[in-house]
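A short worksheet on the structure shown next.
The values are calculated or read from the model by the stated rules, or taken from the named source; none is laboratory data. As the structure is a computational prediction, the values presented were derived from the model and not from experiment. Heads up, the Cβs are rebuilt from the backbone with ideal geometry, glycines too, and the neighbour counts pull from every protein chain shown. These accessible areas exclude ligands, DNA and RNA; they are computed on the full protein's heavy atoms, side chains included. Shrake-Rupley method; radii C 1.70, N 1.55, O 1.52, S 1.80 Å.
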Amino acid sequence: SVKLGEDQLPETWADWNAVCARLDLPERYDVYLTQFPMTNAMAIGSGKPMVVINSRCVDLFDEMEMRTVLGHEAGHILSDHVLYRTALMILLRIGTSTVPFFAAIPLVAVRLALLEWFRCAELSCDRAATLVNRDPLITCRTMMVLAGGTSARKLDLDAFIRQAGEYEEWDSGWDKLNRLTNEIQLTHSYPVRRVKEIMAWVQSGEYDRIVAGQYPTRDQQADARKEAADA
C-alpha cells in the first residue's frame, strides 16, 4: 500500500485533514491507498487506527464523494468502532465449521449480534459523513455510486432516492423474508437502505439540530443508560 501525505495524493490527504478537523478528531491518523478493484475503504487497528482506501475509490469518486467516504471512516474512529470491527473480522474468519457443534451454537449467536451491531455502526458513520459534507444528497449520491459501481454522472440520483423510499413497500412476504435472511449475514446494509435511513434521519430534524450546535460536548456527562434505552 501507499501511505498518503503531502507528496502522495495531496488533494486526498488535504481532504482527510479537513475531515478530521470538522469531526474534531484528537489526532491525524495514517491513510493508505491499496490496489483493489472494489469501491471500498476501511478503518482498521486497535491501538492507533489507520484508514485504508481501495484504489477504485480514487478512480470513481469525485472530490465531495471521496470526502464523504473519508468522513464515514473518521466516524468509525471517533466512535471507537474499530476494535469491535476487528473482533468481528476474526470471528468471521474462524467460522463455525472449525469448532465443535456445541461450541458453534453460542458462536453463531455472537456472530449474528456483532453483524447487527456492525450494520448499525455503518448507519452511524453515514451520519458522521453527512455532518462532514453538510449535504445529505452528497451522501445519497455516494451510496448510489457504491451500489452501481459507475460514475454518478451516468446515474439519476432522484430515481435512486425514490427507489430507497420504496424499500419497505414490497408486497410479497416471501421476498421480504428472503431479503431479511440475506441481510442478517451482511456487515453493511444495502446502499439503498442506507439512503432510506439517512433521509429518515434528516427528515426527523436530528441533522439540522446537530448542525445548529445542539449536541452534548465531550466535557458533559452523558446518561449512558438513557442513551442505550433510546437506541
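Residue by residue, here is whether (1) open to solvent by less than 90 Å² (accessible area, probe 1.4 Å); (2) under 25 Å from residue 16 (Cβ atoms); (3) in contact (Cβ under 8 Å) with a residue 60 or more places away in the chain holds:
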| residue | (1), (2), (3) |
| --- | --- |
| 151 | yes, yes, yes |
| 165 | yes, no, no |
| 175 | yes, no, no |
| 201 | yes, yes, yes |
| 204 | yes, no, no |
| 219 | no, no, no |
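Take residue 214 and tell me if it is farther than 20 Å from residue 125 by Cβ and over 22 Å from the mean Cα position of the chain (by Cα).
Answer is yes for this residue.
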